[in-house]
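See structure below.
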């Protein structure tokens, strides 16, 4: 298909597609004349992922390029490609290395991972951006006067574990390994607001049960 | 205590405290001379919450003021104050009302809530910002080519329900109703990165189990 049809079928304006092509987020089409190129379903599929990352996940263009490069890295196996791509996603601001709350937070997180037996996380430690994100969050909680220990974190880790099973089950519905990798990255980002909104709605349910007009303890 | 001590004990610069006072995020101290005021532990505690909201949660000042006003509204009971405060937190951008993906997303969310039997959420419907956040997320998934139905969302809702129980258990450790309300708002915001980082770490564990070098299906 030509650029105009790629735009129509994807719902992405042609100027935006040209921008993604220039930035290397979308592979070039097959050139058919000096001024025209031909695109196919792989472009359509890749546009879907780029929009998920850039428009919804607010992933910076440079980070998106790293994510997409990892997905195409033939030197890595499926598991490593997925890990590399998810590591390249934004993980929020990190605490300064000299923040005194960070050292205690690191010990708490390490103790949690040991108790959980999460081998992968223990192996990569601070090389993993998700590990650093967790240490920053635990350190911030302590610094603001809401210290949390291993026992406080455990229910969130157990929920995370269940979510990961649901995530990978969803992803395995896609047939080809390439589609699975794209879906893994897109759904990691796109299900975050699903999860956070459901947690807030569930809090209201639980609060109502405990403190609402029909609660027995009211 | 005087302003300087409030600054020292909270770790918040005096200029920032003065800004919070001017913006109404912190109640005025008890005036002792024409130029000096006396602050107490309630100010220290309130500063903790303001920092959680503004510095970590990136809640806009105007929204933070609405959250704090709700917490102090004597005309509301405990459950309603909590609900009003959490509703005032940011919930992300909402889809345009005329977005065609939204109507189908709303039906999916309504069917999910009916299946879950979440009375509070069904009662408030689109008045609840968390409901609108979920509809936007489900609509975006569909629009980007990752449609999700009630069965896909159910595991995330079940995880949300367990998280809400953990959240309210944490909050009930605080003794006074006022402290509980402040903790509820702060922990809703501060545990979001905890949850999202643990989900990403758990994904790596699950991916390693399914596709890693020691996976049986490898």
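The values are calculated or read from the model by the stated rules, or taken from the named source; none is laboratory data. Just so you know, these numbers come straight off a predicted model, no measurement behind them. Positions of Cβ are generated from backbone atoms using ideal geometry, with glycine treated the same way; all protein chains shown enter the neighbour counts.
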Query - residue A:206 being under 30 Å from residue B:211 (Cβ atoms) and not assigned by the TED database to the domain that holds residue A:51 - result: no
Query raised in the report: Quick one: would you say residue A:34 is exposed (fewer than 13 other Cβ atoms within 10 Å of the Cβ) and out of contact with any helix residue (DSSP H, G or I) (no Cβ under 8 Å at 6 or more places or on another chain)?
Result: yes
Report task. Could you check how many residues of segment B:180-212 are under 16 Å from the mean Cα position of the chain (by Cα) and farther than 14 Å from residue A:86 by Cβ? Result -> 16
Query - Elements of type helices (runs of 4 or more DSSP H) contained in segment B:71-136, each with 3 or more residues being surrounded by 17 or more Cβ atoms within 10 Å (Cβ to Cβ) and touching a residue at least 60 places away in the same chain (Cβ under 8 Å) - result: B:78-87
Query raised in the report: Which of (1) surrounded by 14 or more Cβ atoms within 10 Å (Cβ to Cβ); (2) on the phi > 0 side of the Ramachandran plot; (3) within 22 Å of the chain's Cα centre (by Cα) does residue B:145 not meet, given it meets every other one?
Result: (3)
Report task. Please indicate, with yes or no, whether at least one residue in segment B:163-172 is outside the structural domain of residue B:120 (by the TED database), in contact with a helix residue (DSSP H, G or I) (Cβ under 9 Å, 6 or more places away or on another chain) and over 20 Å from residue A:123 (Cα atoms). Result -> no
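Which one of these is surrounded by fewer than 20 Cβ atoms within 10 Å (Cβ to Cβ), in a helix (DSSP H, G or I), out of contact with any helix residue (DSSP H, G or I) (no Cβ under 7 Å at 6 or more places or on another chain) and not assigned by the TED database to the domain that holds residue B:171: B:58, B:65, B:51?
Among B:58, B:65, B:51, only B:65 is surrounded by fewer than 20 Cβ atoms within 10 Å (Cβ to Cβ), in a helix (DSSP H, G or I), out of contact with any helix residue (DSSP H, G or I) (no Cβ under 7 Å at 6 or more places or on another chain) and not assigned by the TED database to the domain that holds residue B:171.
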Query raised in the report: Does residue B:125 fit the bill of being under 20 Å from the mean Cα position of the chain (by Cα), farther than 25 Å from residue B:55 by Cβ and more than 10 Å from every other protein chain (Cβ to nearest Cβ)?
Result: yes
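Can you tell me how many residues in segment B:193-218 are at the interface with chain A (Cβ under 7 Å from one of its Cβ atoms) and either farther than 30 Å from residue A:149 by Cβ or without any contact (Cβ under 8 Å) to a residue 24 or more places away in the chain (or both)?
Result for segment B:193-218: 18.
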Report summary line: Within segment A:1-26, residues part of a loop (DSSP other than H, G, I, E, B), in contact with a helix residue (DSSP H, G or I) (Cβ under 9 Å, 6 or more places away or on another chain) and either surrounded by 13 or more Cβ atoms within 10 Å (Cβ to Cβ) or at positive phi (or both) come out as A:1, A:11, A:12, A:23, A:24, A:25, A:26
**Report entry** Evaluation of residue A:172 against (1) more than 8 Å from chain B (Cβ to nearest Cβ); (2) at pLDDT below 90; (3) within 25 Å of residue B:138 (Cβ to Cβ) (one fails), failing number
**Finding:** (2)
Query - Search result, residues across segment B:86-105 that are more than 22 Å from the chain's Cα centre (by Cα) and under 13 Å from residue B:138 (Cα atoms) - result: B:99, B:100, B:101, B:102, B:103, B:104, B:105
Query - Residue match in segment B:147-164 (condition: under 25 Å from residue B:51 (Cβ atoms), free of Cβ contacts under 8 Å to residues at least 24 places away in the same chain and not in a helix (DSSP H, G or I)) - result: no
